[in-house]
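Shown next, in structure tokens, is the structure this report addresses.
The values are calculated or read from the model by the stated rules, or taken from the named source; none is laboratory data. What you see is a predicted model, and the numbers here were worked out from it, not measured in a lab. Ideal geometry is used to build each Cβ from the backbone, glycine not excepted, and the neighbour counts take in all protein chains shown. Each accessible area value is taken on the protein alone, full model and side chains, heavy atoms only, with ligands, DNA and RNA left out. Shrake-Rupley method; radii C 1.70, N 1.55, O 1.52, S 1.80 Å.
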Amino acid sequence: MIQETHTITSPCKGIIEKVLITEDSYVYEWEKLIFIKTPEGNMEEISVGASGTITSLCIKEGDSVSTESILALLKDDLLITGSD
């Protein structure tokens, strides 16, 4: 089976407020993974349109990130799943 790796990046500048995953976590499509608090005080929810296993977690709560910072790597299992 071919597997694809997705790089999960930050869409904004801010502080990592909450990390809901760990390395080796299995995640579903569009499941909430990470919350980033922007300098304006908004909360950005990070999710990805793929399911699979987190192979690398590059941040922790309290870290500062900028736009396009790498947050995590996901090994796609190529299954159609979903999360509410």
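Solvent-accessible area assigned to carbon and sulfur over the range 1-49 amounts to 47 percent, based on a 1.4 Å probe.
In the context of the full set of protein chains, the chain has a per residue accessible area of 60 Å² (1.4 Å probe).
Binning all Cα-Cα separations of the chain at 5 Å, short to long from zero, yields these whole-percent fractions: 3, 17, 28, 24, 16, 8, 3, 1, 0.
LEU78 contributes an accessible area of around 90 Å² to the protein surface, as traced by a 1.4 Å probe with all chains present. Taking 0.36 nm per residue of separation and subtracting the Cα-Cα distance, full extension of the segment from TYR28 to GLU68 would add 12.2 nm. The GluC sites (Glu not before Pro) of the range 19-48 meeting both criteria, a DSSP state outside H, G, I, E and B (loop) and at most 10 other C-beta atoms within 10 angstrom of the site's C-beta, are GLU40. Taking every lysine pair in the chain that is 8 or more places apart or spans two chains, those with Cα atoms closer than 15 Å amount to 6.
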